[in-house]
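**Student:** First the structure, which I've put down as structure tokens, then a few questions once you've had a look.
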Amino acid sequence: MPSTRSSNAKKAPAGRIQATDAPRGSKGPKKGPKKARKAKTGTVDAAGSARKVLPTTAAPALQAPALEPRVDDGTPSSSPALDVVNTISTTATASTTATASTAATSSTLATLVASHAGEDAIFCKLIRDKVLAHLNPWKLHDLQCVLEMRCYGGLLSDVDLKEVYFQRLWGFQEEDFVLQEWLYMSVEEMRRVIMEAMPFFRAHTRVEGEYVFPMDISSPLSMQAKYELYRGYGALSYVPVKVYTKSLGSTAVLQRAKNPAKVKVMERDWREAYADLKWACGMNVDHGVIRKLAGLSGPADFVSAMDEAARCSHIDVMEILVKEFNGRVDIGTLSRAAEGGHNDVIDYIVEKYGVDPNGLNKEGWTPLQWATMCNKPHTIRHLVEKYDVDLYYVKFGRNCLQDASRRGFAECANLLRRYMEERPVPLDPQGRPIIREEV
């Protein structure tokens, strides 16, 4: 519709409101529409009407600095640290192993970011399958790559980070995000779950220990309001609690390994070094630091460190412990790989070390039972279809199907029920079922 205003009247400029300098003695620019004149903060749309900008409360941001590749020469690096999660740590000193796969991933990420694909691009099959699926949340360097996708222009939102990356691709469950219902939690309950997520380093030479908190964030015990707690530890609403804990703990280990005073304590008591080694193996930190801590661990058998590496899918760390420090791979290691749901590690252990996938660990559990109790249907499928494991082994009077039903894991229970129908229980010559039971 044609404008009813006079032809010599100036139109209000579109875009953001800007102040103009008027000559002395002049009346200044003409006043705009009433709504725009009263708007103290906001923007003006193309029609000239003011649009108020409302403040929003967002979850605390995950921040990660630029990647710094290093050459793994077997010695600890002194490069600046990774800021893995802003709410987890901001002053750690670390270096990471830049492998060929992560270098290719970073190149793909740079191409995608340059294309300005936006948040919806994360649902693209190319990104989901070729990038995110190959980034291990249990590896410090890979976790940093994911956080860069989230921080760069919101390419990966908090919801996508939780539902696409952690849940859909890596199988984490809703209960792993302990602050996702923080609005309905009391201050005391929030404090409790946050304190449970903080790494605790117990000193072997003393009775006491110490909690590790993110840098520049005070202890949750000193915070009085829910919003204050969420500002400091809100990452627990979209990062699994175990990933949060291991990231914070391994970052602290990297600091301790480069602290001369801490190293002297480790030299006096090998148990201090071995405790830190388990943290380092769990997040596959700097290989030089892993070698240093393993060398200080003295008479340790490296079983727990090997279990951590297998549970978190770090075959390269397992190779270091086996070849350089006489680490041992056994059925316990295979059980930890099944617990983590890492089929590639299961194949590596079975094919290279000849471990029986039907064996029992020291607690009397089979790898299939560990996969069932940890709700890993893809690992159940892998063990049954590739290795034809025993479906009917009984412990505490229950087999795998009964364990899955008792815990409410419907997908695992349906899968095991179908396999049992296809593979009926074997019978002896007298027609009696042959079932292994815990002695």
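**Student:** Within region 264-288, how many residues turn out to be part of a helix (DSSP H, G or I), of a type in the set (D, E, K, R) and under 24 Å from the mean Cα position of the chain (by Cα)?
**Tutor:** Result for region 264-288: 2.
**Student:** Another question, if that's okay. Quick check: is even one residue across region 246-263 in a loop (DSSP other than H, G, I, E, B) and touching a residue at least 40 places away in the same chain (Cβ under 8 Å)?
**Tutor:** Yes, there is a match, as at least one residue in region 246-263 is in a loop (DSSP other than H, G, I, E, B) and touching a residue at least 40 places away in the same chain (Cβ under 8 Å).
**Student:** List the residue pairs whose Cβ atoms are under 9 Å apart, where the first residue sits in region 175-197 and is without any contact (Cβ under 8 Å) to a residue 40 or more places away in the chain, the second is outside any helix (DSSP H, G or I) and loosely packed, with under 15 Cβ neighbours inside 10 Å, and the two are 6 or more positions apart or on different chains.
**Tutor:** Every condition considered, the pairs that remain are 195/211; 195/219.
**Student:** Please specify each residue of region 329-383 satisfying the condition of being part of a helix (DSSP H, G or I), surrounded by fewer than 24 Cβ atoms within 10 Å (Cβ to Cβ) and in contact with a strand residue (DSSP E or B) (Cβ under 9 Å, 6 or more places away or on another chain).
**Tutor:** Across region 329-383, there are no qualifying residues.
**Student:** Failed condition for residue 222, given (1) of a type in the set (S, T, N, Q); (2) within 23 Å of the chain's Cα centre (by Cα); (3) more than 20 Å from residue 135 (Cα to Cα); (4) at pLDDT 90 or above, with all others met?
**Tutor:** So residue 222 meets the others, but not (2).
**Student:** Being surrounded by 23 or more Cβ atoms within 10 Å (Cβ to Cβ) and farther than 13 Å from residue 139 by Cβ is the filter here; which residues of region 308-320 pass it?
**Tutor:** The answer is 310, 318.
**Student:** Scan region 384-407 residue by residue and report those that are touching a strand residue (DSSP E or B) at 6+ places or on another chain (Cβ under 9 Å), in a loop (DSSP other than H, G, I, E, B) and surrounded by 17 or more Cβ atoms within 10 Å (Cβ to Cβ).
**Tutor:** Residues satisfying the conditions are 392, 393.
**Student:** Which residue pairs have Cβ atoms under 7 Å apart, sit 6 or more places apart or on different chains, and have a first residue in region 214-235 that is on the phi < 0 side of the Ramachandran plot and in contact (Cβ under 8 Å) with a residue 12 or more places away in the chain and a second that is assigned to a loop (DSSP other than H, G, I, E, B) and small (Gly, Ala, Ser)?
**Tutor:** Within 7 Å, the pairs are 214/89; 215/89; 234/59.
**Student:** Going through 329, 345, 263, 317 one at a time, which residue ends up being β-branched (Val, Ile, Thr), farther than 27 Å from residue 168 by Cα and in contact with a helix residue (DSSP H, G or I) (Cβ under 6 Å, 6 or more places away or on another chain)?
**Tutor:** Residue meeting the stated conditions: 329.
**Student:** Continuing with this model, one more query. Looking at (1) under 28 Å from the mean Cα position of the chain (by Cα); (2) more than 28 Å from residue 281 (Cβ to Cβ), which is the one condition that is false for residue 417?
**Tutor:** Status for residue 417: all satisfied but (1).
The values are calculated or read from the model by the stated rules, or taken from the named source; none is laboratory data. Everything quoted here is computed from the prediction, not taken from an experiment. Here Cβ is always computed from backbone atoms with ideal geometry, including for glycine, and neighbour counts include all displayed protein chains.
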